[in-house]
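One structure is given below, represented as structure tokens, and several questions about it will come after.
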Amino acid sequence: MKNKLLVAGTVNIDLSAGLPRFPSTGETLASTSYSENIGGKAANQAVAANRFGAEVVFAGKVGEDAFGKKVFEFFQKEGIDTRYLYKSETVNTGNSFILVDTHGDNIIVTNLLANQELTKEEIFGGVFETKPEAVLLQLEIENEEIEAVLNTISKRGIPLFVNLAPVKYLSKEAMTRIDYLIINEVEAGQLAEMKVTTEEKAEEAAEIIYQKTGSVIIMTLGGKGVLVKERGSKTWFEVPKLEAVDTTAAGDCFCGVLAAEWLQEKDLHQAVRSAIKAASKSVLTRGSVQSLPYKEEIQLRG
């Protein structure tokens with residue numbers, strides 16, 4: 001079965017602290033827990049896809065430091081192809097400071113560092129040499145690199161999944177290269193230039209973005225569900241009501257599993273259902289990669 005997925009983008013070390021609540025300006029609070037783990041949007045998505053059966057190739061950049069070594073060792077243990085995980089000789093591995101309260105909500109500050117040195121040529125190496133069946137990207141790398149990658153990969157006929165996080169205003173041409181655009185309600189509102197506060201507003205925003213891009217729009221709206229806008233149709237998917245412990249990696253889990261399941265089943269709606277189940281399970285465990293479930297843990301059908 002052909003299921004090779006190239007994931008390109010950021011990889012960090014997450015420095016996570018649990019708090020009873022978020023501090024006010026100028027206030028100091030003692031944490032209730034602390035951990036250091038692999039993170040970064042692309043890394044989380046790569047691990048999620050890998051654990052759901054995709055053959056994952058990762059393109060990214062770390063520093064020649066202890067954190068960089070930790071990333072290599074973790075990916076290799078997971079079985080992720082690291083031939084296109086490069087080392088910067090001048091900049092340290094990226095990191096993120098993550099605060100999580102007792103409701104599972106989080107605040108994240110990211111230092112991109114070595115991630116900012118990842119070039120389009122380094123990503124192209126992974127694309128041209130491994131010949132993936134699909135590519136999954138986010139927008140944490142530089143705009144110039146993103147646009148070049150989108151244009152080149154699209155011309156080669158490789159399906160492109162793009163998680164538009166954080167929102168960046170790419171050229172109209174680059175946006176039309178995206179096959180599957182994964183966004184949340186905040187990102188949808190920014191793209192459609194409106195506030196997405198209801199299901200009706202979500203459908204309106206999805207239509208506006210679809211008309212601009214021609215992409216399949218996959219919009220996650222937290223407890224309201226997931227909306228998929230395709231040519232001539234829109235479909236809503238329910239999400240289970242859960243008491244979340246930590247939502248840090250839920251969005252990344254959704255993206256990675258969506259791409260992996262689509263590769264294996266070629267059924268977008270089933271892939272969305274699987275991604276919802278996986279992301280829902282991820283919020284029950286604290287941390288980023290350690291919260292990402294294995295396919296065997298999830299009952300996918302039904």
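We did not get these values from a lab; they are worked out from the coordinates using the rules stated. Given the structure is predicted, the values throughout are model-derived calculations rather than measurements. Please note: Cβ atoms are built from the backbone with ideal geometry, for glycine as well, and neighbour counts cover all protein chains shown.
How do 34, 294, 180, 210 line up, fewest other C-beta atoms within 10 Å first? Could the numbers behind the result be given before it?
Values: 34 9, 294 13, 180 22, 210 18.
With the fewest neighbours first, 34, 294, 180, 210 line up as 34, 294, 210, 180.
Sticking with this structure for a sec: Quick one: check the C-alpha center-to-center distance for segment 102-138 versus segment 260-286, whole angstrom.
20 Å
When the helix-only estimate is applied to the chain (DSSP H runs of n ≥ 4, each -39,500 (n - 2.57), divided by the residue count), what is the mean residue ellipticity at 222 nm, nearest 500 deg cm²/dmol? Don't jump to the answer; show the numbers that get you there.
Numbers: 9 runs with 106 residues, N = 302.
Here the helix-only value at 222 nm equals -11000 deg cm²/dmol.
If you average over every viewing direction, what projected area does the convex hull of the Cα atoms of segment 180-235 give, in nm²? Before the final figure, lay out the partial values.
On the way: hull surface 12.6 nm².
If I average the Cα hull's projected area over directions, I get 3.2 nm².
Listed here are the pairs 131/155; 168/277; 41/120; which of them are more than 20 Å apart at the Cα? Walk me through the numbers before you get to the answer.
On the way: 131/155 13 Å; 168/277 28 Å; 41/120 18 Å.
The pairs that break the limit, which is 20 Å between Cα atoms, are 168/277.
Please report, in cubic angstrom per residue, the volume enclosed by the convex hull of the alpha-carbon atoms of segment 108-180.
Enclosed volume per residue, from the Cα hull, is 94 Å³.
In sequence order, what are the phi-derived ³J(HN,Hα) couplings for segment 98-103 according to the Karplus relation 6.51 cos²θ - 1.76 cosθ + 1.60 with θ = phi - 60°, rounded to whole Hz, with x for glycine and proline?
After applying 6.51 cos²θ - 1.76 cosθ + 1.60, I find 10, 10, 10, 8, 6, 8 Hz.
Once you sort the root eigenvalues of the Cα gyration tensor of segment 233-289 as a ≥ b ≥ c, which label holds: rounded (a/c under 1.5), prolate (a/b larger than b/c) or oblate (the other case)? Intermediate results must be reported in sequence, preceding the final value.
On the way: a/c = 2.85, a/b = 1.56, b/c = 1.82.
Oblate is the answer for segment 233-289, as a/c is 1.5 or above yet b/c matches or exceeds a/b.
If the convex hull of the alpha-carbon atoms of segment 75-210 is projected onto planes in all directions, what is the mean projected area in square nanometres?
10.6 nm²
Okay, which of segment 136-152 sit inside 13 Å, backbone N to the point 7 Å along the Cα-Cβ direction of residue 169?
Output list for this probe position: empty.
Something else: Give a residue-ordered list of calculated ³J(HN,Hα) values for segment 175-188 (Karplus: 6.51 cos²θ - 1.76 cosθ + 1.60, θ = phi - 60°; whole Hz; x for Gly, Pro).
Coupling constants for segment 175-188: 5, 6, 7, 7, 7, 10, 9, 9, 9, 9, 5, 5, 5, 4 Hz.
Report the longest stretch of the chain that contains none of the trypsin sites (Lys or Arg not before Pro) sitting in a DSSP loop with at most 14 other Cβ atoms within 10 Å.
Values: sites that count: 2, 21, 156, 195, 231, 241, 266, 301.
The segment 22-155 is the longest one with no such site.
Which one of 170, 100, 218 is farthest out on the positive end of the charge dipole of the chain, using unit charges on Cβ (Lys, Arg +1; Asp, Glu -1) and the Cα centre as origin?
My answer, from the dipole projection, is 218.
What residues of segment 266-288 lie in the reach of a label at residue 17, counting those whose backbone N is under 13 Å from a point 7 Å from the Cα along Cα→Cβ?
Within reach of a label on residue 17, which here means backbone N under 13 Å from a point 7 Å along Cα→Cβ, segment 266-288 contributes nothing.
Of the listed values (i) 18.5, 59; (ii) 18.2, 55; (iii) 24.3, 78, grab the one calculated as Rg and Dmax of the Cα atoms in Å from the structure here.
Checked against the structure: label (ii).
Here's a follow-up. Pick out, in residue order, every one of the GluC sites (Glu not before Pro) in segment 215-302 that is DSSP loop and has at most 12 other C-beta atoms within 10 Å; say none if there are none.
Here the sparse-neighbourhood loop sites are 238, 243.
While we're here: For 289, 71, 186, 91, what ranking results if the residue with the fewest other Cβ atoms within 10 Å of its Cβ goes first?
Values: 289 22, 71 27, 186 14, 91 18.
Ranking 289, 71, 186, 91 by Cβ neighbours within 10 Å, fewest first, gives 186, 91, 289, 71.
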